Structure formats: C-alpha cells, structure tokens
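What follows is a single structure, written as structure tokens, with notes after it.
The values are calculated or read from the model by the stated rules, or taken from the named source; none is laboratory data. Only a predicted model underlies this, so the values are computations on that prediction, with no experimental measurement involved. All Cβ positions, glycine included, derive from the backbone under ideal geometry; neighbour counts span all protein chains shown. With ligands, DNA and RNA removed, areas are computed over all heavy atoms of the protein, side chains included. Shrake-Rupley method; radii C 1.70, N 1.55, O 1.52, S 1.80 Å.
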Amino acid sequence: MKLIKNWLYNLSYNLLLLILPLITVPYVSRVIGVTGVGISDYTGAAVNYFLIFGTLGIGLYANRTLAYQRDNKVVRSRLFWEITCLQLLTLSLAFGAFMLYWLFTDQYRTYLLLQALILPAAAFDISWYFMGMEDFGKVVLRNALVRLLAIGLTFTLVHSATDLWLYILFNTGSSLLGNLTMWPYLTKQIQRIPLRKLQPFRHLRGSLTLFLPTIATQIYLSLNRNLLGWLVSMAAVGYYGYADRVIRLVIGIVTASGTVILPHMANQVAQHQYTAIKRNLYRSFDFTTALAVPLTLGIAALGPSFSRWYLGSGYTLTGQLLVVEAPAILLIAWGNVTGVQLLLPLNRNQAYTRSVFLGAIISVGANLILIPLAGALGAAVATVLTEFSVTAYQLHAVRDFISRRQLFTATWKYLLSGLLMFSLLHLLPVHNFAGLILAVSAGGLTYLIALKLLAAPVLNELTSLGRKISYRFR
C-alpha cells in the first residue's frame, strides 16, 4: 500500500504540473513574448550544463544507495552526511566555473546570473533522501507549494517583456527557498556523525558512474535548444521550447511510477526478491503503456488546435511540433520502465550508460543534420529518433532478465483503442477551455470503452487498485 500511496503522491504532483501551465502559459506567452521565452530557455540551457557537472549523478546514486540501507539509522545517517558534503563541494566548484564563464560572456548577463540561482538551490536539495526512504509526501508537498508561489508572483509582478528577469528570478529563487524548507524534516530521521568519520569521496566513483548517463541525457535534452538559437533564431527556440515543455509535462505523468519504483526495486534487489521484481515490472510496463498510448495520440490529435487557442494564433508552428514530437511520450514511458525501474535497481549501470550515450550520439548527429534543413521541426524529429534509440537499446539489454514478448502481450489492445480515440478527437477541435474538457472526456470515454471490449489487462489492475484504496480509507 505504501508503494501505491507514493505513486499517487507523485502522480498528483505531475498532474498539478500539467494543470498549472494551462493557467500560466497563455499569460506568459503573451506578456513576455516568444523571443523572451526563447531567451529564458536559452540561458536556462546554458546554466544547466554547469548544473549537470555540479550534481555528478549524485541524486540517482543517493536515492538508490539509501534504499539499500534505509533500515539502519546509523548507516543511513552517515550516508546522508557524506553525500551531502560531496554535493555541496561539487556544486560549489560548478558555481565557481559558472562565474568564470559569466565574466567572459557579454550576452544575456543578467538573465544568466538569475538562472544560476539553480546551482545553490541544487546544493541544498535533499529530496533524494526522502525518495530513498520512500517518503514522497514531503517532497510532493514542498514542490507543489514552490510551484504555486512562483506562479502567484508571476501573475502579480510580471506584466511586460521587460519583466523577463522577474519571471526567471521567481522560478529559480523559489526552488532555492523550497529546498531549504526540507531540512527541518531531518531532525528525527538522522543523527549527527563526527566529521572525522565521514568519507564523502568514497561515493565519488558511484556518482560518476551515473554522471556519465546524466551528461548524455542532458546533451540531448539541451543541445537542440542551443543549436536552434545558434543556427536559426531565439523565436525558433521559443516555439520548440513550448512544444517540448508540454511533451515533458505529459511525460511526467507516465513516468511518475518510475521515481517511486526505483527505491522500491532497489530494496527488493538488496533482499534478492527477483521473482517479485519481474512480476512488478510486467505490471508496471502494462500500466505505463495503457497510460502513455492515449496521452501520445491525444497530444497528436489535439496539438494544432490546442496550441492556437492556448498560446495564440502566432504559435501555429508549436502545434505542428506537438504532433511530430508526441511519439516521444510512449518511447520515454517504455524506456523509463526498462531503464529507471530495472537496469538501475539491478546495478546494471554500464548498460544504462551505453543506452543514453547512444541517444546522445544520435541526438547530436540528427540535430546537426535536421535543424539546418527544417529548423524547429527538425529538432522535434531528432528528439523522437533519440528516444527511439535509447529505448530500443534498453529493451535489448534486459532480454536475459525478462521476456520482451510478455512485456508487449497486450500492447496491441492499447494501440487499437488509442487509434479509435484518435479518430474521434480529430472531429473535436479545441477552441476554448470547454472544448478541451469535452474533447478529453469524449476521448477518454472512447478509450475506456474500447479497452473494456478488448478485455485489456490494465482494467483488472485498476479494479484491484481501487479496492485497495477504498479498503485503506474505510
């Protein structure tokens, strides 16, 4: 039941992330403008490189390591302080490197400095501790309050393109404030460890092992924005940034289980419960597919009309980008199960690293070829090709542990149901919020009816889940 509760916490937060932009993005896109949004994305991507090198894969490593040892308070306390010291040191070095870069750049200096607040915010981020302990409630509540604070300040004080600096400040500054508020929760959970007994650098090798795929992942998440800014225009970055942001928010829903299951699986690995791991993985893959298919096809069907209403008539290109990039939702959903939920808990870091580096290589090549030819549309195609290569390799890498045929047994039922939904949604273009609600409701109902007629296994899982939840709250 704890796993279900944590999944519901994480799912609720990702749904909040999906809903809140429905309120904020139309306002920001019109007030700041596509060029301002492009500058924000461009400078954020630049600072993100320093963040990557500062975090060194510590978050994933710490999450998994604490899950292995969470039942021993002395051991986990020592792990916490050692990893925290390592994190403070590496991010301090990253901030120093950023300041050197900032001193020698002459473009967007103010915006870059404001974006750099994310570096001290990351230095004090201890959400990995609570995730490793499978205590997602505190993390979700903190993140939700931070988001709401940033949104409230944006509506109150951001009124024109000249307020772009405030928009960036509210987003990065709220993250710093939110991370600091997590520390008081530690009072009863960990104990003091003498400084002389701490060995933070013993975690460096393990963090670096997960740092390599982090680098590769961030290359293909950020490179397309940088190349669009260099080779096309800041407006192109803005168009692509909005489409990619919508896709990533939807992906957050289908990968919510991965964040929860990683520490749970890691704890099962520590106890050698491999039969349970396989059983949970098949169920997770089936559930993820059932959720990802309608989201993928729904975005593809409604993307063009939705973007014209949601962002404004000047964002037609964003609607086209949503259609092109939508398949990445399903591909990333599958990759999250095979990579985050299986390869990492099993400590198969090399296979995970190879898959992500393959994606980085495909991303660099595809973006360099397609962006000069097709601009932002080329970047969207490159994203789909990248995610396909990552997922394909991971499916190959897990072939000795699970049956890939069993993974995809019911996939045809979800795809067929999704295509029926897709056909209906084409007849229901979105022109306002009421139209969006109507389309989503009609599409969802069509999908569920089709699943029922095809006897899709996910319906049995949902029924069982509903019974457990109702029993819990009696």
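Descriptive notes on the structure:
- For the stretch 19-39, filtered to residues that are of a type in the set (A, V, I, L, M, F, W, C) and surrounded by fewer than 15 Cβ atoms within 10 Å (Cβ to Cβ), the residue that is modelled with the highest pLDDT is Ile23.
- Residue check for Thr156: out of contact with any Cys (no Cβ under 6 Å at 6 or more places or on another chain) and at pLDDT below 85: no
- Filter result for Gly435 (in a helix (DSSP H, G or I) and modelled with pLDDT under 90): yes
- Near pairs, Cβ below 9 angstrom, 6+ apart or cross-chain, from the stretch 153-173 (among the hydroxyl-bearing types (Ser, Thr, Tyr)) to any residue that is assigned to a loop (DSSP other than H, G, I, E, B): Ser160/Ile32; Tyr167/Ile32; Tyr167/Val158; Thr172/Ala116; Thr172/Leu117
- In the stretch 446-474, residue modelled with the highest pLDDT [restricted to those that are surrounded by fewer than 16 Cβ atoms within 10 Å (Cβ to Cβ) and β-branched (Val, Ile, Thr)]: Ile449
- The residue list Thr209, Thr214, Thr172 contains one member that is in contact with a helix residue (DSSP H, G or I) (Cβ under 8 Å, 6 or more places away or on another chain), open to solvent by less than 50 Å² (accessible area, probe 1.4 Å) and modelled with pLDDT of 85 or more, which is Thr172.
- Per the listing Val364, Val293, the residue uniquely touching a Phe, Trp or Tyr at 6+ places or on another chain (Cβ under 9 Å), among the β-branched types (Val, Ile, Thr), touching a residue at least 24 places away in the same chain (Cβ under 8 Å) and open to solvent by less than 10 Å² (accessible area, probe 1.4 Å) is Val293.
- Contact annotation: residue pairs with Cβ atoms under 7 Å, 6 or more positions apart or on different chains, pairing a residue in the stretch 298-309 that is more than 20 Å from Tyr447 (Cβ to Cβ) with a partner that is at pLDDT 80 or above and open to solvent by 20 Å² or more (accessible area, probe 1.4 Å), are Pro304/Gln320; Pro304/Val323; Arg308/Thr316.
- Cβ-Cβ under 8 Å pairs, at least 6 apart or on other chains, the stretch 372-396 side on the phi > 0 side of the Ramachandran plot, far side modelled with pLDDT under 90: Gly375/Leu228; Gly375/Val232; Gly375/Ala236
- Spans of helices (runs of 4 or more DSSP H) in the stretch 45-157 with at least 2 residues β-branched (Val, Ile, Thr): 58-69, 73-103, 136-157
- Conditions (1) outside any loop (DSSP other than H, G, I, E, B); (2) open to solvent by 20 Å² or more (accessible area, probe 1.4 Å); (3) in contact with a helix residue (DSSP H, G or I) (Cβ under 6 Å, 6 or more places away or on another chain); (4) not basic (Lys, Arg); number of the one not met by Leu428: (1)
- If only residues of the stretch 127-169 that are acidic (Asp, Glu) and under 30 Å from Arg64 (Cβ atoms) are counted, the one that is most open to solvent (accessible area, probe 1.4 Å) is Asp135.
- Among the candidates Thr288, Thr259, Thr275, residue that is open to solvent by 10 Å² or more (accessible area, probe 1.4 Å) and either farther than 20 Å from Glu387 by Cα or modelled with pLDDT of 70 or more (or both): Thr275
- Flag for Gly443 being under 20 Å from Phe287 (Cα atoms), modelled with pLDDT of 70 or more and under 29 Å from the mean Cα position of the chain (by Cα): yes
- Filtering the stretch 45-88 to residues that are modelled with pLDDT of 80 or more, among the hydroxyl-bearing types (Ser, Thr, Tyr) and open to solvent by 10 Å² or more (accessible area, probe 1.4 Å) leaves Tyr49, Thr55.
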